[in-house]
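Reading through the structure tokens given below for one structure.
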Amino acid sequence: MHPAFSVIFLTTLIGVGQGLFLALYTGQLYSVVEVVPVEDSHHHYGIGALIAVVFLSLGLLASFFHLGHPERGWRAIARWRTSWLSREVIVLPAFMGMVALYGLVHYFDLNPVLFTLRETFRIDLSLVIGALTTVLAFTLFLCTGMIYACIKFLQEWATPLTVVNYTLLGAASGFTLATAFAASQGSQLTDFYAGWALLLTLAALVTRVASLIRNQRIKHKSTLSTAIGIRDSRIRQKSQGFMTGSFNTRDFFHGAPQAVFKGIKWFFLITVFPIPIVLLALGMGHSGVAVFALAFAIQYLGLLADRWFFFAQANHPQNLYYQAVG
Amino acid sequence: MTQLALVIDLNVCVGCHACVTSCKEWNTSGSAGSLSDMNPFSRDPTGTFFNRVQTFEVGEFPNTETVHFPKSCLHCEDPPCVPVCPTGASYKREADGIVLVDYDKCIGCKYCAWACPYGVREIDEHQKVMKKCTLCVDRIYDTALPEKERKPACVLACPTSARLFGDVNDPESEVAEAIRERGGYQLMPEWGTRPANHYLPRSKTRITIHDDELTRVDNPLNKERQLPMPDKDAPTLDDFTSW
């Protein structure tokens, strides 16, 4: 497939936003049960949620560049019964609204304690809003992943690993950003976030490599023989019906030389996983803002390459019909 | 249930592209707007087409054959492009099974093109909406046309009658009969899309001649032909009957 930059930015940016929210909420949950110190509601959760909303908004903005008719974008909520894309279009703004609400409740301290659990744990309003928002965060990861995983003949995508990778990579990058954000505030949660970021990056490494191995060994079901229905393995294309390209030759081939294709794979494998892992480990205990910020910047850059590769690696069966110009 | 479709006879398709040009001509002049082209008269011309004819070579030299292969939307009975559409712009008609795009609802997200394994949907670079074969829905029901012209433009243009049009679910129809009796098949059956369009395979006309058909052992002429002269030293009847 031809990697579209609008979709690359959409999926990576909202992944960061979702991950950052999950990080904030994880921190809050742990502080409720008093495993980690309680953070300042106003600065930490309020501003943190704002950063998450900014990332989500940039992602939403990027998605509009993918559309031929962005002014009709609202129509995309119509077919949520059958289309994962439609479901994503509904869940993304809903999630953004809930993150914003979560941030506002914290920022303006409109956070009454609703009830007390076992007379120890005080459940306040933001905790309940956060729980609903967490459900939406995971639903959004599911929708984004399923947009690709549900197309069964794009065999590189049609695997549960697609959803798992979107979730883990998004969460990892969000937790890394949360680490840098916490460090910039001198928060006591910095090492807590860094630990989670490390774990999530390691988990994503395992599942992403698993998907790469799976895709390397994939056996494509469609062949030129099934494409034109002639039972002979010796078929060569002599003409595709036109000389200078069409939508079919532009949108379904990545067009990059094999060396670039392989180079990008190794680039993302190094920048998404080992470098941030080393930087996060180095920064832990010292709360170095620069180290964590660098870890996030490098990991995000790597995720852009990861998403490029995700698209480029997928072989669309329609490409069988466009093997030779003439 | 009615399912209109094309049946394409690969046995007689000569690859002349008349279906391509007639399709483009009819559909670029339609009420839905033109099928636009980019740089039509300069370097790298490109444009939107509903129908393409491709050419493949099968076998190994010198035993090869050339297959001309027209490809357009197959109007699948279970079209994978329809459920993925977020707006409902892409739909399959209940009445006649034609898969269509509502150009006023399409947001141009191209997701349906990703979800079509056959690559028959093309974005119109000017109108920014997805386009595809409509089976000439604006002419097959047009009562202003004589009845024999109420067929898709490609079917009317084909000089070898390689394209048949009709209801594939009506067992009495010409297309259903062709599929049934001449081995009509579907493309990429492995994805369960159940394309309505079918292709008729190439078939060679062969006759089998056995050796005994060339030289008959019981040839009646053998009775009348001149017998060879007997050898000079061979005994003759005279040797026994002379007295």
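Hey, can you tell me all the residues within segment B:1-26 that are part of a helix (DSSP H, G or I) and open to solvent by less than 20 Å² (accessible area, probe 1.4 Å)?
Looking only at segment B:1-26, we keep the residues that are part of a helix (DSSP H, G or I), and these are B:18-26.
Scanning segment B:1-26 gives B:19, B:20, B:23.
Wholly within segment B:57-116, which strands (runs of 3 or more DSSP E) include no fewer than the required count, namely at least 2 residues that are facing chain A (nearest Cβ under 10 Å) and open to solvent by 50 Å² or more (accessible area, probe 1.4 Å)? Explain how you work it out, then say what you get.
Details: elements: B:63-72, B:90-92, B:99-101.
Strands (runs of 3 or more DSSP E) meeting the threshold: B:63-72.
For segment B:148-180: of the residues being open to solvent by 70 Å² or more (accessible area, probe 1.4 Å) and within 15 Å of the chain's Cα centre (by Cα), which is farthest from residue B:2 (Cα to Cα)?
B:159
Scan segment A:156-193 for residues that are closer than 22 Å to residue A:8 by Cβ and in contact with a Pro (Cβ under 9 Å, 6 or more places away or on another chain) and jot them down.
Within segment A:156-193, A:172, A:173, A:176 qualify.
How many residues, within segment A:211-247, are more than 8 Å from chain B (Cβ to nearest Cβ), farther than 22 Å from residue B:187 by Cα and open to solvent by 40 Å² or more (accessible area, probe 1.4 Å)?
Kept after step one, since they are more than 8 Å from chain B (Cβ to nearest Cβ), are these residues of segment A:211-247: A:211-220, A:223, A:225, A:231, A:233, A:243.
If we keep only those that are farther than 22 Å from residue B:187 by Cα as well, we get A:211-217, A:243.
Checking which are open to solvent by 40 Å² or more (accessible area, probe 1.4 Å) leaves us with A:213-214, A:216-217, A:243.
The number of residues fulfilling the criteria is 5.
Could you please find all residues in segment A:72-86 being more than 7 Å from chain B (Cβ to nearest Cβ) and touching a residue at least 12 places away in the same chain (Cβ under 8 Å)? Can you show your working first?
At the first step, the residues of segment A:72-86 found to be more than 7 Å from chain B (Cβ to nearest Cβ) are A:74, A:77, A:80-81, A:84.
Hits for segment A:72-86 are A:77, A:84.
The values are calculated or read from the model by the stated rules, or taken from the named source; none is laboratory data. Owing to the predicted nature of the structure, the values given are computational and were not obtained by experimental measurement. Note: ideal-geometry Cβ built from the backbone for every residue, glycine included; neighbour counts use all protein chains shown. Each accessible area value is taken on the protein alone, full model and side chains, heavy atoms only, with ligands, DNA and RNA left out. Shrake-Rupley method; radii C 1.70, N 1.55, O 1.52, S 1.80 Å.
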